[in-house]
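J.: Below are the structure tokens for one structure; questions will follow.
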Amino acid sequence: MPTLPKRLLIALAVLAALLAAWLGFAAWYDHHQRANERPATYSALIEQAGRGEISSITFANGTGHALAADGSRYRVVMPVTDDLLKELRAHAVAISFEEGPGGLMAQTVGVLDRAAPFVVVALLIGGLLMSGGQFFGMGRATRVRPEDTNTVFADVAGVDEAKEELRETVQFLKDPRRFAMAGARVPKGILLVGPPGTGKTMLAKAAAGEAGVPFFAASGSDFVEMFVGLGAARVRSLFKTARANAPCILFIDEIDALAGKRGESTSHSEREQTLNQLLVEMDGIVEGGEVVVIAATNRSEMLDPAVLRPGRFDRHIHVSLPDVAGREAILGVHAGRLTLAPDVCTRTVARGTPGFSGAELANLTNEAALSAARQGRVVVTMADYEAAKDRVLMGTERRSLALTAHERRLIAVHEAGHALVSLRCPQADPIHKATIIPRGGALGMVVRLPEGDRVSVSRAKLMADIAVAMAGRAAEEMAFGPDHVTTGAEADFRAATDLARRMVTAWGMSEEIGFVAHAAAEPGARSERTAWRIDEEVRRITDEGMEHARRLLRSNREALDGIAQALLERETLSGGEIAELADREQERATEAA
Ligand code: ADP
Ligand code: ZN
């Protein structure tokens with residue numbers, strides 16, 4: 001559903017104001033008309049009429065409004081009876097009746113009543129015409145002029161990598177010619193990927209602020225229209241506006257609403273046209289426009305591959321939830337506006353808010369200020385921050401904050417296990433990072449970087465992957481003893497078992513079973529004995545992976561503890577940091593021995 005265009009809203013507001021003014025006037029007029037009426041009694045009026053002093057009476061709603069010959073007016077409640085009318089007529093009083101409640105106000109209301117359906121139809125037609133006009137006009141991007149963009153990189157805290165990546169864009173927008181002369185191709189389409197509230201909009205705005213160029217912002221959902229062609233027209237007009245103001249930054253939030261995978265929902269020609277228009281415009285910009293398009297999404301895997309092709313949104317910047325240091329920095333930025341009591345320690349607040357986004361931390365700061373204000377204080381104390389945290393948490397279910405120190409340690413050891421074994425298995429994918437910041441359903445994770453698109457995978461790599469999967473549990477066992485292992489390895493076991501089963505039944509990697517494609521066979525086609533042997537083989541392979549993981553962890557025990565400790569302190573470690581830590585701890589251990 002398209003929202004009501006602004007101009008239609010303005011027209012409606014003007015109409016409502018006019019109507020209100022007219023009704024006000026009518027009420028005033030009615031009041032004025034009858035203000036100088038004096039109440040009179042029935043008998044007095046009849047008497048006056050008998051003396052020929054009443055020239056007219058108007059009946060409305062059980063009340064008679066009488067006009068005397070001398071100009072004075074009377075109001076009398078009187079039932080209209082035949083006798084009364086006969087009496088009045090006998091004295092030459094002019095008689096009239098008003099329908100319903102009398103007065104201008106009542107008449108207006110009566111007219112509106114009858115006209116309502118026509119007014120609604122007229123408004124609808126007017127609205128369509130006006131919004132139609134707008135589709136081919138300005139589009140609906142909000143525009144921020146360079147002199148009004150006061151957001152700069154310093155306002156966005158804890159996302160240093162993303163800022164670093166955007167620096168080149170800022171340089172380009174400041175001096176596009178320098179890049180052109182060097183023959184450099186600067187990415188014109190940048191995709192910011194990350195959970196909501198992590199500062200993606202802020203980053204784009206700050207890039208414009210740093211470069212001193214205009215900033216145009218629209219949301220992908222603005223382009224989802226009911227009528228074929230309207231979304232595309234809007235995309236066209238948006239880019240046209242941006243080109244006319246180049247150099248500038250065009251920001252499109254929620255790009256997935258506009259550029260989701262084709263054919264996933266029912267093929268919808270309006271969506272297709274809008275997406276195609278976006279592709280056309282992106283290609284046009286690559287050929288010389290000094291416009292940088294920054295789009296944001298929290299699910300890049302939902303995007304149509306065509307959008308990600310070279311020259312379109314080919315530069316991806318990940319903006320993740322802040323770690324403890326990042327949270328402290330963000331709290332610092334937002335607390336800058338407050339007067340803090342000496343007992344406030346942002347470091348402690350940061351430690352107590354794992355999984356909070358930048359937006360939630362901004363909200364938390366604001367709640368703390370409100371808590372102080374409610375008690376008539378200007379100075380914000382640590383107790384205000386505590387109260388604010390409870391308030392913010394009330395709205396969100398966050399398991400991580402209910403974790404005990406022991407549970408956090410367990411998660412850190414588990415993730416350290418995965419990280420270390422994958423580091424020590426040359427065939428496994430390299431580690432990108434390890435984190436104990438909860439996200440989605442997981443309390444922690446190790447992100448690995450697959451090396452390109454593999455066409456085929458070797459047995460050695462599969463065995464390494466299985467050992468890496470087993471390493472979380474293996475580490476728990478080693479650090480806390482077999483009685484204290486947790487349910488946290490469920491997904492790991494599922495992944496490992498799945499790989500092992502396919503090795504046995506599809507990829508011919510088990511001597512025992514041979515080269516039979518059991519996975520492709522009909523379910524009932526296997527004998528019970530074969531099914532049993534397959535299960536045994538899967539078991540043997542996963543056990544082998546577990547043994548491998550245990551061996552590696554045993555001989556790297558110091559490194560395991562070091563990584564777990566670092567994760568507890570910093571929450572997120574990069575692949576490089578993990579490798580460095582592991583080597584240092586191992587070295588120290590051999591020296592000591
Ligand atoms: P996104 O676009 O990723 O959903 P926004 O940029 O709209 O997030 O952030 C919403 C608000 O949250 C910002 O206006 C700011 O107050 C706060 N915020 C989010 N991330 C940060 C950050 N890294 N540093 C400072 N404030 C932040
Ligand atoms: Zn795990």
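The values are calculated or read from the model by the stated rules, or taken from the named source; none is laboratory data. For clarity, every value in this text was computed on a predicted model and none was experimentally measured. Using ideal geometry, Cβ is built from the backbone for each residue, glycine included, and neighbour counts are taken over all protein chains shown. When the accessible area is computed, the model is the full protein with side chains, heavy atoms only, and any ligands, DNA or RNA have been set aside. Shrake-Rupley method; radii C 1.70, N 1.55, O 1.52, S 1.80 Å.
J.: Counting only pairs 8 or more residues apart or on different chains, how many lysine pairs in the chain have their Cα atoms under 23 Å apart?
T.: Taking the Cα cut-off of 23 Å, the pair count is 18.
J.: May I ask you to derive the relative contact order of the chain, considering only C-alpha pairs under 8 Å and at least 6 residues apart, and to give it as an integer percent? Walk me through the intermediate numbers first.
T.: On the way: 881 pairs, mean separation 59.1, N = 593.
Relative contact order here is 10 percent.
J.: Could you order peptides 104-113, 323-332 by the average number of other Cβ atoms within 10 Å of their residues, highest first?
T.: Final packing ranking: 323-332, 104-113.
J.: How much mean residue ellipticity at 222 nm does the chain get from its helices, if each DSSP H run of length 4 or more adds -39500 (n - 2.57) and you divide by all residues, to the nearest 500 deg cm²/dmol?
T.: Taken over the chain, the calculation gives -18000 deg cm²/dmol.
J.: By per-residue mean of other Cβ atoms within 10 Å, what is the highest-first order of 494-505, 47-58?
T.: With the highest mean Cβ count within 10 Å placed first, the list reads 494-505, 47-58.
J.: Whenever you get a sec, line up 188, 261, 174, 433 from highest to lowest accessible area (probe 1.4 Å, protein heavy atoms).
T.: 174, 261, 433, 188
J.: Using a/c under 1.5 as the rounded threshold, could you call segment 174-329 rounded, prolate or oblate? The axes a ≥ b ≥ c are square roots of the C-alpha gyration tensor eigenvalues, and prolate needs a/b larger than b/c, oblate otherwise.
T.: Here segment 174-329 falls in the oblate category.
J.: Longest segment of the chain with no chymotrypsin sites (Phe, Trp or Tyr not before Pro) in a DSSP loop having at most 14 other Cβ atoms within 10 Å?
T.: 228-514
J.: Roughly what % antiparallel, to the nearest 5, for the DSSP beta bridges in the chain?
T.: Rounded to the nearest five, the antiparallel share is 45 percent.
J.: May I pose another question? What per residue convex hull volume, in Å³, comes out for segment 484-593 when only alpha-carbon positions are used?
T.: Values: hull volume 18.5 nm³, N = 110.
Hull volume normalised by residue count: 168 Å³.
J.: I've got another one for you. Going out from 0 in 10 Å bins, what whole percent of all Cα-Cα distances in the chain drops into each bin?
T.: For the chain, the pair-distance distribution reads 3, 12, 15, 16, 16, 11, 7, 6, 5, 4, 3, 1, 0, 0.
J.: While we're here: Quick check on segment 324-394: take the gyration tensor over C-alpha atoms, sort the square-rooted eigenvalues as a ≥ b ≥ c, and tell me if it's rounded (a/c under 1.5), prolate or oblate.
T.: Because a/c hits 1.5 or more and a/b exceeds b/c, segment 324-394 counts as prolate.
J.: Taking R0 as 45 Å, what FRET efficiency do you get between residue 570 and residue 276 from their Cβ-Cβ distance, rounded to the nearest 0.05?
T.: Calculated value: 0.50.
J.: Taking the Cα centroid of segment 285-337 and of segment 510-583, what is the distance between the two, rounded to the nearest whole Å?
T.: 35 Å
J.: If R0 is 35 Å, what FRET efficiency do you get for residue 269 and residue 314 from their C-beta distance, rounded to 0.05?
T.: After rounding to 0.05, the efficiency reads 0.80.
J.: Additional query: Could you rank the peptides 572-584, 202-214 by their average count of other C-beta atoms within 10 Å per residue, with the highest value first?
T.: So the peptides 572-584, 202-214, ranked by packing, come out 202-214, 572-584.
J.: Let me ask something else. What is the extension gain from residue 98 to residue 20, computed as 0.36 nm multiplied by their sequence separation minus the C-alpha to C-alpha distance, in nm to one decimal?
T.: 25.7 nm
J.: Still on this model: Can you work out ³J(HN,Hα) from phi for every residue in segment 176-191, in order, using Karplus 6.51 cos²θ - 1.76 cosθ + 1.60 and θ = phi - 60°, giving whole Hz and x for Gly and Pro?
T.: Computed from phi, the couplings for segment 176-191 are x, 5, 4, 5, 4, 5, 7, x, 7, 9, 9, x, 9, x, 10, 10 Hz.
J.: What is segment 405-592 by shape, rounded, prolate or oblate, if you read a ≥ b ≥ c off the alpha carbon gyration tensor as root eigenvalues and call it rounded for a/c under 1.5, prolate for a/b larger than b/c, and oblate otherwise?
T.: prolate
J.: As an exercise, use a Förster radius of 35 Å and the Cβ-Cβ distance of residue 498 and residue 587 to find the FRET efficiency, rounded to the nearest 0.05.
T.: So the FRET efficiency works out to roughly 0.40.
J.: Let me ask something else. Taking the Cα-to-Cβ direction at residue 359 and at residue 528 and moving 7 Å from each Cα, how far apart do the two end points lie in nm?
T.: 5.8 nm
J.: Now for a separate question. Mind checking the full-extension length gain between residue 107 and residue 543? Use 0.36 nm per residue of separation minus the Cα-Cα distance, one decimal, nm. Don't skip to the end; give the middle numbers.
T.: Details: separation 436, 0.36 × 436 = 156.96 nm, distance 9.00 nm.
Gain on extension, residue 107 to residue 543, equals 148.0 nm.
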